[in-house]
Amino acid sequence: MKRPNILLTGTPGVGKSTLGKELSTRTGLSYVNVGELAQEGQLYDGYDEEYQCPILDEDRVVDELDEKMEEGGVIVDYHGCDLFPERWFHIVFVLRTDNTQLYTRLESRGYTGKKLHDNVQCEIFQTIYEEAMEAYREEIVHQLPNNTPEELEQNLEQITQWTEQWIKDHN
Ligand code: DAT
């Protein structure tokens, strides 16, 4: 059976992993958190002193995932999107959160100072949305507001429906 690959992207804290894990339960697609994958495999290439975090080795991440992506049926979660081959994804969702809300979420995650400020700024400037619109065909890129539990549920229902329809249409 053919199954679609879905990219969930957006600024840290917009709710990608919350949505992705539940979506995986509802659709049966597998869920890959690229940050965790890199951590487990130490797929890093240096260290960013400014942000105090390791730098992703993008080529190794792509190599690591390529076979699984070719098979289909994968939900990928990452706060960037132009490192992946365009051919991997059938649809791209950019989650969006209002900046006051996002500020609170990131603060309670322990972000402070420049890291907190820059991430909220990233959301205000729609950085990831623009990156997605450059990297993928515009028709497959969708923004989803994700501020409240109600919106989370709506997003889950919408993507689950889309997935079921895709599977019907391609099998
Ligand atoms: P991400 O994976 O994009 O970094 P997350 O899934 O870890 O984000 O969510 C960050 C925090 O926000 C976490 O405490 C759960 C909460 N959250 C996620 N989606 C939400 C929503 N739709 N409404 C309210 N809170 C939400």
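At-a-glance table
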quantity	calculated
Neighbour cut-off at most 10 other Cβ (10 Å), DSSP loop, GluC sites (Glu not before Pro), region 41-147	Glu49, Glu50
Percentage relative contact order, the chain, counting C-alpha pairs under 8 Å, at least six apart	35 percent
Fraction of beta bridges assigned by DSSP in the chain that are antiparallel (%, nearest 5)	15 percent
Within the accessible area of region 16-149 (1.4 Å probe), percent carbon and sulfur	44 percent
³J(HN,Hα), Karplus 6.51/-1.76/1.60, whole Hz, each residue of region 102-110, x for Gly, Pro	5, 3, 4, 4, 6, 5, 6, 7, x
For Tyr31, distant residues with modelled amide H under 5 Å away	Ile75
Helix-derived mean residue ellipticity, 222 nm - over the chain, DSSP H n ≥ 4, -39500 (n - 2.57), to 500	-16000 deg cm²/dmol
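The values are calculated or read from the model by the stated rules, or taken from the named source; none is laboratory data. Quick caveat: nothing in here was measured; it's all calculated off a predicted structure. Here Cβ is always computed from backbone atoms with ideal geometry, including for glycine, and neighbour counts include all displayed protein chains. Note: areas computed on protein heavy atoms with side chains; ligands, DNA, RNA excluded. Shrake-Rupley method; radii C 1.70, N 1.55, O 1.52, S 1.80 Å.
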